[in-house]
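Structure record follows, encoded as structure tokens.
Rule-based calculations on the coordinates, nothing more; no lab input. No experiment lies behind these values; they were computed from the predicted model shown. Cβ: placed from backbone, ideal geometry, glycine included. Neighbour counts: every protein chain shown.
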Amino acid sequence: MWTTMCRLLPTEPKTRKPGPTRCISPACRCVPTPRPTITGCGNDMSSEVSRQDIAAAFRSAGARPGDLLLFHSSLKSMGHVDGGAQTVIDGALDAVAPGGTVAVPTLWYNGKPLERRKEDFDLKTSPAWNGLVAETMRQDSRAVRSDHFTHSVSAIGPFAAELTSNHGSGRPFPSPWSETAFAEVSPWSKLYQFNALYAFIGCGMKSCTMKHWIESRYVSGLLDRLPETERGRCRKLLAYERQKGPWCYFDGRTMYLRLAAQGLIRTVRLGDTLLFAFRTRPMADAALRELERDPENWFHPLILEWRKMVLDLIHQ
């Protein structure tokens, strides 16, 4: 029955309804999330945004000298940025100066396995598909990029080499893309370890790659409780190595609202849009608590069925 249900489940939902998202696509492009804008302003290029404005906004959202800051962004959402994408990067660096490090996801794999094969990834030349700021960061001569074909990160600053080194080594953790994307040694794990400031400019939790780190830890927390002989079999019932299958995606918009209600998110205005940020460790810990406390409110029925099967095996 499980196999039949997995085969019949569509890759993308045909409709979007309020409440927890039911998407199981490895590309995860259909999660409804808040898109911060200022009422009456829109994205009509009406505001002039400077490097100083960007630095000030990051500081107001919690950036400190010597900080580790990772951000997602929509360049056009801000209005007219004098100097374009490079100004956004330099403004972020100013916000954590002196001694701080700025990171941006520079993702190459776009969810299309026929177009993006692992063996075709080139650390130096494979472009980032996730926006102009990301691609500008990748090409910056100061930047160091982690060597991973799906979840690469580029960084500038004193901590850049340590943040990006050995991506995928250490203990593997499950994800729909690979078992190394969110490994024990990965930029994503280091963001948690060092409690980085994690920020968004003009985009919502749909863009939050750390969300998938949380999902990987949720799954591994269940698998770790199984007898060793059952772990591999149960793992491969979920999305695996970019093959379609169920996965414990959760609704980023709902999680954003829960985190905001707990006072974990700071929001400031930047040009025509909003910048919001949180500290990675308390955010991830709070999100995991939400998932563990009330899985029925977050997950697709197939994931709930898988979870029940795992718990039954644990308690045998």
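Summary of computed values
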read-out	value
Convex hull volume per residue for the range 162-285, taking Cα atoms only, in Å³	122
From phi via Karplus (6.51, -1.76, 1.60), per-residue ³J(HN,Hα) for the range 98-104 in Hz, x at Gly/Pro	x, x, x, 10, 10, 10, 9
Two-site FRET efficiency, Arg64 against Ser141, from Cβ-Cβ distance with R₀ of 25 Å, rounded to 0.05	0.45
Exceeding the 22 Å Cα-Cα cut-off - candidates Lys190/Lys236; Lys206/Lys308; Lys76/Lys244; Lys236/Lys308; Lys211/Lys244	Lys190/Lys236; Lys206/Lys308; Lys76/Lys244
Sites His80 and Lys118 - FRET efficiency at Förster radius 45 Å, r taken between beta-carbons, to 0.05	0.70
Extension gain from Arg225 to Arg171, taking 0.36 nm per residue of separation minus the Cα-Cα distance	17.8 nm
Neighbour-count order for Val96, Val153, fewest beta carbons within 10 angstrom listed first	Val96, Val153
Contour excess over end-to-end distance, with Cα ends at Glu241 and Ser50 and 0.36 nm allotted per residue	64.6 nm
Charge tally in the Cβ shell below 12 Å around Thr180, where Lys, Arg are +1 and Asp, Glu are -1, Thr180 excluded	-2
Ranked Tyr256, Tyr198, criterion: other C-beta atoms within 10 Å, fewest first	Tyr256, Tyr198
Karplus 3J(HN,Hα) series, Hz, for the range 83-91 with 6.51 cos²θ - 1.76 cosθ + 1.60 (x for Gly, Pro)	x, x, 4, 4, 5, 4, 5, 5, x
Amide H within-cut-off set for Val49, under 5 Å, with H built and near neighbours excluded	His80, Val81, Asp82
Global geometry of the range 146-220, whether rounded, prolate or oblate, following the gyration tensor of its Cα atoms and the 1.5 cut on a/c	oblate
Amide H within-cut-off set for Asp251, under 5 Å, with H built and near neighbours excluded	Thr21
Sorted by Cβ density within 10 Å, fewest first, the residues His151, His72	His72, His151
